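One structure is given here, and the rest of the page talks about it.
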Amino acid sequence: MLFFANFMSTQTLNETQKNAHELAKATTEIVNSGTVKTNSEAAILLMCQNVDILASTTGSDVYICNMKGEIEICPETIDNFKLNSDCEKHEKIKIPPTFVQRVKNGNVSEFSTLGNSYNTYHSVSMAPFYMNDHFYGFCVVASPVTGDVLTGIRQVFTIFLVSAAIALVLVTIAVYVMTGKIAKPIRNLETATTLYSSGDFSYRVPEINSNDELSHLITKFNAMATSLSQLENSRRSFVANVSHEFKTPMTTIGGFINGILDGTIPPEKQDYYLNIVSSEISRLSKMVNMMLNISKIETGNVEMNIESFDLSSKIVSTFLGFEQLVSKKNIEIIGMEDLKPAIIHGDSAMLDQVIYNLADNAVKFTDNGGKIIVNTASDKKYVYLAITNTGKGIPEKDLEKVFDRFYKVDQSRSTDTKSTGLGLYLIRSILSLHNGTITVESEPGSFTRFTVKLPK
C-alpha cells in the first residue's frame, strides 16, 4: 500500500505539472496575441474558459496569478469578466512570496498546503507565463492528494482482499489434502514402529499411490519389516534348534556318565559309551566354536593370521577326513586326482572352516551312491573352487536365502535335521574378510554347486 500510495501521488503530481504547463503555455499565447488586449473581456473570457475547462475535467483547483502572487482569474471570474473579482473560495488563498520567487525561475511542483492555504496536502504545480519574454504571472493547478490516493488504495485493497480470500480458500483446501496424504502414512508408520518395538512384525504399512520420498520410505520400511520378521523367525528357530542340540547330547553324556559311575553300564561296555560321549562333546565343541567365530566376525574382533598355503592340499586333506562317511554312503569323489597346486594368501584356519563346511554339506546332502565333483581353476588374480554334489538340490525360492543367518531349507525336504543354519552364513562371512565371494546353483532333484572365488 505504501508503494501504491507513492505511485498514485507521483502520478497525481505529474498530471498537475503537465496541466499547469499546458495552461501556462495557452495563457502566454493569449497575453502575447496582438489581436487580443490583455485586460479586454475577450482575453479574460479566453483565459476563464481555459481555467474552467481544466478545472471541470480534472477536478483540480485551477487559477491564474499575477506577478505579485494575487489570484486574477479563477473559474468564478467568468461570471462578471472582471479581474480580481471577489471569490469566496479563493479569497483565503494567499500565495507565499517564497513560491512567487521560486516560480519566477521556472516550474514548481511539490506536495504542500501552499502556506496553509489548504487544510490538507495537495499536489501543487505552478508554471510561469511571459509577456514579451518578461515574467508576467503564473498558473496554478492544485489537486488534493488524500482523496485520490485513498480511493485508489480502497480499490486495490478490495481487489487484494478478494484475491487473498480466494487464495486462502484454495491454500486451505490444498494444505488439508496434502496434510492428509502425509499425516495418514506417518500415523501408519508410527503404529508400525509401536508394534515392532513390542516384537510384533506382522503389521505392514499400506502403500500409497505416488512416486515421492514418502512412498519409497514406506516400501523400504515394509521390506525392513519383512526382513526383521524373517530374522526373528530364524532366531527363534535357531534358539530352539540350539537348545535341542545342546540338551540332547548333554542328556546323553549325563546318562552315560551316571551309568558308568553307578555301575549300570558294565566295565566291558564302558569304552564303547565313552567313545559316544567323546563324539558328542566334540560336536558340542564345534557348535560353540562356530557361534564364537560368528560373534567375533560380526563385532569386528577377529584377528587374521595371513600366510601362504596350497588350497588344493587343504581340499584333499579335508575330504580324507570324511572317508568313513563317504564309504558308508558309497559316494564317488571325482576330480581329486586332477587338482593342481593353488597358492593363496589368507588365514589358513578360517579357510579350513570354509572348506570343511562345504565338504560336510556336500557329503551330508548327497544321496547314497551319488557323486561329488571337485574343481579348481585360477587366473592372474583369483582362485576358483567349485564343489558339486548330486541329490535333491535346493528349491529356487531358497537359493537367495541359504547364506542368511539362521536360515534353514524346508525341513520336510531336507535330510539335515541337526543343522543350526549358521554354516553357510559363517562361510560367507569368512570369505568376505578375505575379499572373496561364494555363489550357489541348484537344480532340484539333480545337483547343487557352490563356487568360491578368492583373491590369490
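The values are calculated or read from the model by the stated rules, or taken from the named source; none is laboratory data. A quick note: this is a predicted structure, and the numbers were derived from the prediction, not measured. Note: ideal-geometry Cβ built from the backbone for every residue, glycine included; neighbour counts use all protein chains shown. Ligands, DNA and RNA are excluded from the accessible area calculation, which covers all protein heavy atoms including side chains. Shrake-Rupley method; radii C 1.70, N 1.55, O 1.52, S 1.80 Å.
A convex hull fitted around the alpha carbon atoms of the chain yields 342 Å³ per residue. Taking Cα centre as origin and charging only the Cβ of basic (Lys, Arg, +1) and acidic (Asp, Glu, -1) residues, the dipole magnitude of the chain rounds to 1160 debye.
Neighbours of Ser446 by Cβ distance under 12 Å: Lys/Arg scored +1, Asp/Glu scored -1, total 0. Along the axis of the charge dipole computed for the chain (Cβ charges of +1 for Lys and Arg, -1 for Asp and Glu, origin at the Cα centre), the listed residues Leu217, Val302, Leu292 are led at the positive end by Leu292. Close amide H partners of Phe309, meaning residues 5 or more places away or on another chain with modelled amide H under 5 Å apart, are Ile344, Gly346. Taken one residue at a time, the phi angles of segment 109-123 give Karplus couplings (6.51, -1.76, 1.60, θ = phi - 60°) of 9, 6, 9, 6, 9, 6, x, 6, 6, 10, 6, 10, 5, 10, 8 Hz. Gly and Pro are set to x. Charge tally around Asp347: other residues with Cβ under 10 Å, Lys/Arg +1 each, Asp/Glu -1 each, net -3. Most tightly packed first, judged by the mean number of other beta-carbon atoms within 10 Å of their residues, the peptides 87-99, 130-142 read 130-142, 87-99.
For Tyr63, the residues whose modelled amide H falls within less than 5 Å of its own, excluding neighbours fewer than 5 places apart on the same chain, are Val140. Ranking Thr10, Val402, Gly259 by Cα position along the charge dipole of the chain, where only Lys, Arg, Asp and Glu carry charges on their C-beta atoms, puts Gly259 farthest toward the positive end. Ranked by the mean number of other Cβ atoms within 10 Å per residue, highest first, peptides 64-73, 222-231, 442-451 order as 64-73, 442-451, 222-231. Taking the protein heavy atoms of the chain in the context of the full set of protein chains, the accessible area attributed to carbon and sulfur is 56 percent at 1.4 Å. In order along segment 371-386, the Karplus-derived 3J(HN,Hα) couplings, from 6.51 cos²θ - 1.76 cosθ + 1.60 at θ = phi - 60°, round to 10, 10, 10, 10, 10, 10, 8, 7, 10, 5, 10, 10, 10, 10, 10, 10 Hz, and Gly and Pro are given as x.
Taking a Cβ cut-off of under 13 Å around Lys184, the surrounding Lys, Arg, Asp and Glu residues balance to a net charge of 0, with basic ones at +1 and acidic ones at -1.
Report, in degrees rounded to the nearest 10, the 0 to 90 angle that the Cα long axis of helix 41-58 makes with the longest principal axis of the chain. The answer is roughly 20 degrees. A 1.4 Å probe run over the chain, with the rest of the protein chains in place, finds 59 Å² accessible per residue.
Taking amide hydrogens as placed 1.01 Å from N in the peptide plane, the amide H of Lys456 sits under 5 Å from those of Tyr382, Val383, each at least 5 positions away in sequence or on another chain.
For the listed peptides 206-216, 110-120, a ranking on the average number of other beta carbons within 10 Å per residue, highest first, reads 110-120, 206-216.
Its Cα centre serving as origin, segment 80-211 has a Cβ charge dipole (Lys and Arg +1, Asp and Glu -1) of approximately 40 debye.
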